Amino acid sequence: MNFNNLMQQAKIMQKKLDEFNKREFEYDYSNGSIIVKLTGGLKIINLTINKTLVDPEDTITLQEMITEAINNAIALVNEQKEEIAPSGSGMF
């Protein structure tokens with residue numbers, strides 16, 4: 001593969017990654033209990049918490065659920081990003 005082809009592939013990959021980073025994803029944790037909306041660049045746009053989860057006597061459980069929901073949403077986005085730019089491609 002020559003240098004020009006490699007540069008062209010790198011530009012195409014960068015464009016795909018830029019588009020991916022702007023794309024919005026939504027993750028539904030536990031049937032609507034918590035909904036995380038974030039970009040491919042992992043910026044949280046919105047976090048919706050079902051009001052039935054809010055218990056002033058048990059904030060720890062809510063914190064754990066929010067943390068898990070966000071981590072799962074990030075994992076989902078990262079899995080989809082791997083489909084576009086596998087880390088083993090050697091390009092990035």
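Which FRET efficiency, nearest 0.05, do SER33 and GLU79 yield, Cβ-Cβ r, R0 35 Å? Calculated transfer efficiency: 0.95.
Taking square-rooted eigenvalues a ≥ b ≥ c of the alpha carbon gyration tensor, is the chain rounded, prolate or oblate, where a/c under 1.5 means rounded and, failing that, a/b exceeding b/c means prolate?
Working: a/c = 4.58, a/b = 3.34, b/c = 1.37.
Prolate, since a/c reaches 1.5 and a/b exceeds b/c.
Within the chain, what whole-number % of the accessible surface is contributed by carbon and sulfur, with the 1.4 Å probe and all protein chains included in the calculation?
Numbers: 3360 of 6640 Å².
The computed percentage sits at 51.
Of the residues SER33, ASN5, VAL54, the one whose Cα sits farthest towards the positive end of the charge dipole of the chain is ASN5 (charges of +1 on Lys and Arg Cβ, -1 on Asp and Glu Cβ, taken about the Cα centre). Around the Cα centre of the chain, unit charges on the Cβ atoms of Lys, Arg, Asp and Glu (plus for the first two, minus for the last two) sum to a dipole of about 700 debye. Against the chain, whose longest principal axis comes from its Cα atoms, helix 3-22 is set at around 20 degrees.
Could you tell me which of the pairs LYS15/LYS81; LYS11/LYS37; LYS16/LYS81 are separated by over 18 angstrom between their Cα atoms in the structure shown?
Values: LYS15/LYS81 13 Å; LYS11/LYS37 28 Å; LYS16/LYS81 10 Å.
Check vs 18 Å cut-off fails for LYS11/LYS37.
With contacts defined as alpha carbon pairs under 8 Å and 6 or more residues apart, what's the relative contact order of the chain in percent?
With pairs under 8 Å counted, the relative contact order is 26 percent.
Accessible area per residue for the chain, computed on protein heavy atoms with a 1.4 Å probe, is 72 Å².
How far, in degrees from 0 to 90, does helix 59-84 lean away from the longest principal axis of the Cα atoms of the chain, to the nearest 10? Orientation of helix 59-84: about 20 degrees from the principal axis.
The values are calculated or read from the model by the stated rules, or taken from the named source; none is laboratory data. If you're wondering where the values come from, they're calculated on a predicted model, not measured in any experiment. Don't worry about glycine lacking a Cβ; one is built from the backbone with ideal geometry, like all the others, and counts go over all protein chains shown. Note: areas computed on protein heavy atoms with side chains; ligands, DNA, RNA excluded. Shrake-Rupley method; radii C 1.70, N 1.55, O 1.52, S 1.80 Å.
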